[in-house]
1. When you look at residue 38, is it of a type in the set (Lys, Arg) and open to solvent by less than 90 Å² (accessible area, probe 1.4 Å), yes or no?
2. Among all residue pairs at least 6 apart or on different chains, which show Cβ distances below 7 Å where the first residue, located in the stretch 43-60, is open to solvent by 80 Å² or more (accessible area, probe 1.4 Å) and the second is assigned to a helix (DSSP H, G or I)?
3. Tell me, which helices (runs of 4 or more DSSP H) lie completely within the stretch 14-76 with 2 or more residues that are touching a strand residue (DSSP E or B) at 6+ places or on another chain (Cβ under 6 Å) and at pLDDT 95 or above?
Amino acid sequence: MFWKFDLNTTSHVDKLLDKEDVTLHELMDEDDILQECKAQNRKLLDFLCQQHCMEELVTLITHEPPVDMDEKIRFK
């Protein structure tokens with residue numbers, strides 16, 4: 001009786017995107033962020049295409065992280 005199981009699962013990324021004050025760093029910390037991009041999650045792609053997110057992504061790519069930053073975040 002498979003109908004007893006809740007098959008309507010919402011990803012944690014979608015739950016974060018429902019928050020009004022979600023940040024790029026919160027999303028980047030999620031393990032399934034790449035899978036959600038590959039699945040073309042429309043809410044996620046719309047968020048990432050916003051001007052402030054694009055600028056922050058470019059900054060993250062083009063600048064070295066501070067030496068004293070936590071390694072988990074520094075080499076993500």
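1. Numbers: of a type in the set (Lys, Arg): yes; open to solvent by less than 90 Å² (accessible area, probe 1.4 Å): no.
No.
2. Close Cβ pairs satisfying both conditions: 43/14; 43/17.
3. Those helices (runs of 4 or more DSSP H) do not exist here; none qualify.
The values are calculated or read from the model by the stated rules, or taken from the named source; none is laboratory data. Given the structure is predicted, the values throughout are model-derived calculations rather than measurements. Reconstructed Cβ throughout: ideal geometry from the backbone, glycine too, with neighbour counts over all protein chains shown. With ligands, DNA and RNA removed, areas are computed over all heavy atoms of the protein, side chains included. Shrake-Rupley method; radii C 1.70, N 1.55, O 1.52, S 1.80 Å.
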